[in-house]
1. Could you list all residues from region 157-174 that are outside any helix (DSSP H, G or I) and among the acidic types (Asp, Glu)?
2. Looking only at region 59-87, count how many residues are surrounded by 10 or more Cβ atoms within 10 Å (Cβ to Cβ) and at pLDDT below 85.
3. On the given criteria, is GLU94 exposed (fewer than 10 other Cβ atoms within 10 Å of the Cβ) and either assigned to a loop (DSSP other than H, G, I, E, B) or not polar (S, T, N, Q) (or both)?
4. Residue by residue through region 14-29, note down the ones that are within 15 Å of ILE4 (Cα to Cα) and either modelled with pLDDT under 85 or surrounded by fewer than 19 Cβ atoms within 10 Å (Cβ to Cβ) (or both).
5. Mind listing just one residue for me: the one in region 112-139 that is acidic (Asp, Glu) and assigned to a loop (DSSP other than H, G, I, E, B) and, of those, modelled with the highest pLDDT?
6. Could you check region 175-206 and list, in sequence order, the residues that are assigned to a helix (DSSP H, G or I) and closer than 22 Å to LYS152 by Cα?
Amino acid sequence: MNKITIKKLYKEQNWSLRMIADKFNTDHHKIRRILIGMDVPIEKKPRKPMTEEHKVNISTSCKGRKSWITGKKMPKESLYKNMASHLRFDIGSEWLAQFEDVEKLKFLNRCITDRSGRFNVNDDWYKSFIVKFYYDKQFNNLYKRWFGSCDKYLRPTIDHINPKANGGDNEIENLQFLTWFENRAKNDMSQDEWNKVKANIKDYLL
């Protein structure tokens, strides 16, 4: 094996260790030792292109094989850690772990994604929101009716009691959950206006 050729292939032609090893009918560990001995920094190189035959062999060997994760559940501690790592708030997994129902917690998180700055809020606001609505009777009644169903009209959605169009804000006291259907119908009405419409709903229907 010509060390100068190995160095040239690796540095100038961007060959990987395995590609060079195949050329000289040896293993890539030996090529690596040679390069290190020549003070050549080892870098991550593109992998050797996979042949069609290799792809077919992999596909054939995997047919009928069950995934190792089939039937397994991620430990709850890992679920909370994963959730904390994806939040835009600086909230630890230990704080999230006080809420037993992970799916409900995920749902509440999805409700306050910051699309177009709609919920540009801080960590303390987030904690208050979760504590309030995780235990909120109205939210839980809606959530239980909707969960497991495919009815989008029953899906709980956040409503501003005093609409933003009328100067309402994101203070926790100004938020409630309504079904998707009721929220769309309420639109920009205040709660008092909406209550009057609901009390006389038949007047608005054919």
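The values are calculated or read from the model by the stated rules, or taken from the named source; none is laboratory data. Since the model is a prediction, treat every value here as computed from it, not as a measurement. Virtual Cβ from ideal backbone geometry, glycine too; neighbours counted across all protein chains shown.
1. So in region 157-174, the residues outside any helix (DSSP H, G or I) come out as 157-163, 167-171.
Matches in region 157-174: ASP159, ASP169, GLU171.
2. Keep residues of region 59-87 that are surrounded by 10 or more Cβ atoms within 10 Å (Cβ to Cβ), which gives 74, 76-84, 87.
Within this subset, residues satisfying the condition of being at pLDDT below 85 are 74.
Counting residues in region 59-87 that are surrounded by 10 or more Cβ atoms within 10 Å (Cβ to Cβ) and at pLDDT below 85 gives 1.
3. Values: exposed (fewer than 10 other Cβ atoms within 10 Å of the Cβ): no; either assigned to a loop (DSSP other than H, G, I, E, B) or not polar (S, T, N, Q) (or both): yes.
Judged against the criteria, GLU94 is not a match.
4. In the first step, residues of region 14-29 are kept if they are within 15 Å of ILE4 (Cα to Cα); the result is 14-15, 17, 20-21, 23-24.
Correct list: ASN14, LYS23, PHE24.
5. So the first thing to find is which residues in region 112-139 are acidic (Asp, Glu), and the list is 114, 123-124, 136.
In the following step, the residues that additionally are assigned to a loop (DSSP other than H, G, I, E, B) were identified as 114, 136.
Numbers: ASP114: 81, ASP136: 97.
Per the criteria, the residue is ASP136.
6. Let us first name the residues in region 175-206 that are assigned to a helix (DSSP H, G or I), namely 180-186, 191-199, 201-204.
The answer is TRP180, PHE181, GLU182, ASN183, ARG184, ALA185, LYS186, TRP194, LYS198, ILE201.
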